[in-house]
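In what follows, a structure is listed as structure tokens, so that the remarks can point back to it.
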Amino acid sequence: MMEPKYKRVVLKISGEALAGENKFGLNEEMLSMVAKQVKALVELGVQVAVVVGGGNFWRGRTSKSMDRATADYMGMLATVINSLALQDAFEAIGIPTRVQTAIEMKEVAEPYIRRRAMAHLSKNVVVIFAAGTGNPFFSTDTTAALRAAEIEADIILLAKKIDAVYSDDPEKNPDAVRFDQLTHKEVLDRGLGVMDSTAASLCMDNKIPIHVFGLSEPDNVIKAIYGEKIGTIIK
Ligand code: UDP
């Protein structure tokens with residue numbers, strides 16, 4: 001039998017991907033679809049840490065008039081809503097899951113403690129990292145890069161609404177070129193919108209590969225774990 005290519009992964013799910021067609025809020029079909037994919041990974045013996053975005057509720061940079069730090073704290077709280085929804089969907093199908101928040105709210109979830117997160121992972125418990133990095137002016141892509149470095153993950157699986165990295169938005173520009181493989185430096189030099197530059201440089205400096213693919217195809221996470229050529233690999 002084929003072995004999974006990676007032992008410990010950070011799965012980054014954008015908030016938007018959880019909204020499905022609605023584009024806002026939570027789509028329960030998407031939640032259970034993600035849960036099934038995570039379950040398949042856990043059953044393969046892969047240790048899964050999840051970082052979820054908040055864009056289906058709020059992004060700090062959206063506001064024109066609000067104080068940016070306040071708007072960003074609101075965005076971090078949105079990621080907590082998504083994390084609890086994912087935990088619920090995971091546990092509904094028997095995946096033991098802990099949520100750890102970067103902003104303490106101990107009635108709701110554990111605080112982020114690196115060593116405890118690693119202990120959970122080594123027991124095949126899924127850990128969801130909520131509330132981003134806990135700091136305004138950062139993104140959940142940067143959170144995924146930071147946590148991946150901290151927990152010594154083999155790769156970041158970047159599950160998106162779009163199926164790969166393109167030179168431009170393929171919905172707006174029919175000439176947009178699709179990339180199969182890129183280096184971190186190319187992502188930075190070309191200013192590709194796949195992730196913000198803070199996240200891309202953190203991955204580059206710490207040699208963390210990123211596999212970008214579409215979340216809507218039900219088997220993509222499994223394909224990615226076997227190293228199949230879907231989406232775009234950044235390394
Ligand atoms: N955010 C933040 N610090 C972090 C992570 C997230 O301030 O470390 C805020 C920021 O306002 C961001 C929002 O949370 O816009 C939601 O995260 P993100 O935009 O990364 O979500 P996604 O686009 O992946 O759904």
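Every number here is computed from the coordinates shown, using simple stated rules; none is lab data. Just so it is clear, the structure is predicted and the values come from calculations on it, not from any experiment. A quick note on method: Cβ atoms are made from the backbone with ideal geometry, for glycine too, and the neighbour counts reach across all protein chains shown.
Selection of first residues in the stretch 66-94 that are within 11 Å of Gly54 (Cβ to Cβ) and within 12 Å of the ligand (Cβ to nearest atom) and of second residues that are among the basic types (Lys, Arg) and part of a loop (DSSP other than H, G, I, E, B), restricted to Cβ pairs under 6 Å at least 6 apart or on distinct chains, gives the following pairs, ordered by first then second residue: Gly75/Arg59. Could you tell me whether Val108 is of a type in the set (A, V, I, L, M) and not in a loop (DSSP other than H, G, I, E, B)? Criteria not met by Val108. For the stretch 19-62, the tally of residues that are assigned to a helix (DSSP H, G or I) and within 8 Å of the ligand (Cβ to nearest atom) stands at 3.
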